[in-house]
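Working notes for the structure below.
Readers should treat all values here as calculations from the given coordinates under stated rules, not as data from a laboratory. Computed from a predicted model, the values in this text were never measured in an experiment. As a convention, Cβ positions derive from the backbone with ideal geometry for all residues, glycine included, and neighbour counts pool all protein chains shown.
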Amino acid sequence: MCGIIGILGNEPAAPRLIEALRRLEYRGYDSAGIAALSATGALERVRAPGKLKNLEAELETTPLQGTQGIGHTRWATHGSPTVGNAHPHVSGKVAVVHNGIIENFRDLRQMLEGKGHKFETQTDTETIAHLIAANMQEGMSEVEAVKAGLSKLEGAFALAFLFEDKPDLMIGARKGSPLAIGVGDGEMYLGSDALAVAPFTNRVIYLEEGDWCVLHRESYEIFDAKGHPVERPVTIVQGAGAAAEKGNYRHFMQKEIFEQPDSTARTIGAYLNVLNQTVTLPEENGEAIDWKEITSLQMVACGTAHYATRVAEYWFEQVAGIPVKTDIASEFRYRDPALPRTGGLAIFVSQSGETADTLAALRYCKAQGLKTAAVVNVPTSTIAREADLVLPTLAGPEIGVASTKAFTAQLSALAAVAISAGRAREMLSRDAEIRLVRALTELPRLISTTLALDERIEALARDIAKATDVIYLGRGVHYPIALEGALKLKEISYIHAEGYASGELKHGPIALIDEETPVVFVAPFDGLFDKSLSNLQEVAARRGEVILISDEAGLRAAGEAPAHRIELPDCDPFIAPILYSVPVQLLAYHVAVEKGTDVDQPRNLAKSVTVE
Ligand code: F6R
């Protein structure tokens, strides 16, 4: 959601804050703002609605001096994205930036208004500034005022505070939303993630739930939720600097789609022992799973990550014989799910590892005594830290808001875990294991071959871009890929799209078919192809514009019925859903480019959904 940066430095802060905000803009981009402390100790701020470039333009006319400042890029929750609602918010001698939601802000606001505080915005964040300012007006020091204020806040927050006349002080706090300290040489930083502070330092301290910190240029102190001083480890972060560059690509999403041969290879490499063709789970990242003891598997995630679990559901049931339930985290956490008393394992899948609903679901399962594992892309994230076992995806930082390489990395990791489970439960023979391991090993090469279809898909996208509705159909393990294809298209091109199980066509969606409606079939020539072909004929008979994504045998069998064909290389059916994700990503990407939408930062979306 929102992105936070704080710099307690020795060089002009404004350009550095902008540089960091650019790296955080993927988290939210409704408005942005910075506040800095002038040479005389005054708080000065500049804010602008819309993208960061508007703030940069504003800074040209109103430059900010000072070497110490805080910045924010916003994803609106309370109040529309206006200049007035943009952060930082200021009251008295306090400026604050916030990521999260203060649930009791109405009560606090009423209490503060009763004390004479005048509110200028509709935001929950302004309440925090007034709360701390009120404490200071009562004689508390800055640190005491923040400590007392934090104890009154309910909800989720990551906060960075700057204070008038305090040229060597910055305070940060986290509860429910991520925040990290960057440790520099005679400088200190705060950031929503390591990516934000990467241009300045690679030494990062991830604050834990309830922690708050007091920073000076040469030192820092960290306190836990009870106010006790605590030590947190300094992590050396590798490679976050380069990740924020687009290189020769036009968009991050395009770059990330094309990185998939590497990102899947890296992820698979963490699980496969290619020499003896086995899977070994990374047990050093937590407790081992005794698969023989597992009687049921609960998988929980949101959005694209949820679709990864929907694919994995087929794998775990077919390959390992484990009954699986998959849930959307926001539903799971509020429906008092009945969980097994023994033998249950819950797997949480998240690129960011910070998604609020997924994290809440993890905590719920842990409280119920379930063993938990997390398939996460950010190893230092809260979900990774709180799960019993981490199953990493090595996709590297994903900047494009629409998830692509993280999805195929999630699928790659889950496929490997399913093989491992199948073998441990003696559902898979050694020969079958070797076949599946080989299939996974071939995946990166097959993705490369598929990426060569880029121009062909770009040409097709010019046609699809004219549609107002698109339907995606798939059967079996490709049904979730149809769902993912539809999600990708709608989120970045704003074309209405729906994914269905092909078998559901006749139960309703067929009423939508006419010559204006492209229908994308995700259908390799597998055991279910004949069934898909019947559905394809039904669509063609109603003059629907069929796009068939299949292999050579599938396209041959389909004859003249499809208006458009995309031919993927032959592959083992086990890895087909991973491979078939690539053309649906490319299609969505090129349609969005054709329509001229903001591919990397689509409207209303944010990368890391840290509020529910
Ligand atoms: C869609 C997309 C989202 C995320 C979802 C979960 O392209 O990116 O649907 O998949 O918000 O996010 P993570 O995986 O960070 O928990």
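Packing-based ranking of 5-12, 173-180, 218-225, 364-371 yields 173-180, 5-12, 364-371, 218-225, ordered from highest to lowest mean Cβ neighbour count within 10 Å.
Computed about the Cα centre, the dipole magnitude for the chain is approximately 340 debye when only Lys and Arg (+1) and Asp and Glu (-1) carry charge, each at its Cβ. Ordering 410-417, 314-321, 301-308 by mean Cβ neighbour count within 10 Å, with the highest value first, yields 410-417, 301-308, 314-321. Peptides 340-350, 26-36 ranked from most to least packed by the mean count of surrounding Cβ atoms within 10 Å: 26-36, 340-350. Computed from Cα atoms alone, the Kirkwood hydrodynamic radius reported for the chain is 25.4 Å.
Volume per residue of the convex hull around the Cα atoms, evaluated for segment 194-335, comes out as 214 Å³. Charge dipole of segment 372-472 (Cα centre as origin; +1 on each Lys and Arg Cβ, -1 on each Asp and Glu Cβ, all else neutral): 220 debye, rounded to the nearest 20. Need one number: the % of Cα-Cα pairs in segment 479-612 sitting beyond the 27 Å mark. Within segment 479-612, distances greater than 27 Å cover 21 percent of Cα pairs. Direction-averaged projected area, Cα convex hull, segment 1-126: 7.4 nm², rounded to one decimal. Neighbours of Arg425, meaning other residues whose beta-carbon lies under 15 angstrom from its beta-carbon, give a summed charge of -2 when Lys and Arg score +1 and Asp and Glu score -1. Which of rounded, prolate, oblate describes segment 128-189, given a ≥ b ≥ c as roots of the alpha-carbon gyration tensor eigenvalues and a/c under 1.5 marking rounded, otherwise prolate only if a/b is larger than b/c? Because a/c hits 1.5 or more and a/b fails to exceed b/c, segment 128-189 counts as oblate. With R₀ fixed at 35 Å, the C-beta to C-beta distance from Ala459 to Gln238 puts the FRET efficiency at about 0.35. Both radii were evaluated on the Cα set of segment 86-140; the Rg over Rh quotient, with Rh as the Kirkwood radius, amounts to 0.92. In units of the rule-of-thumb radius 2.2 N^0.38 Å, segment 455-508 shows an alpha carbon radius of gyration of 1.16. Computed over the alpha-carbon atoms, segment 404-462 gives an Rg to Rh ratio of 1.16, Rh here being the Kirkwood radius from the mean inverse distance. Take every Cα pair under 8 Å whose residues are at least 6 apart in sequence, average their separation, divide by the length of segment 207-280, and the relative contact order is 13 percent. Applying 0.36 nm per residue to the separation of Gln368 and Glu594 and subtracting their alpha-carbon distance, the gain on full extension is 76.5 nm. Of all beta bridges that DSSP places with both ends in the chain, some 60 percent have antiparallel geometry. Listed by number, the DSSP H helices of the chain that run 27 Å or longer by alpha-carbon position along their axis and have mean Kyte hydropathy of at least -1.0 are 405-424, 430-451.
Where only DSSP H runs of four or more residues are counted, the chain gives -11000 deg cm²/dmol as its mean residue ellipticity at 222 nm, each run worth -39500 (n - 2.57).
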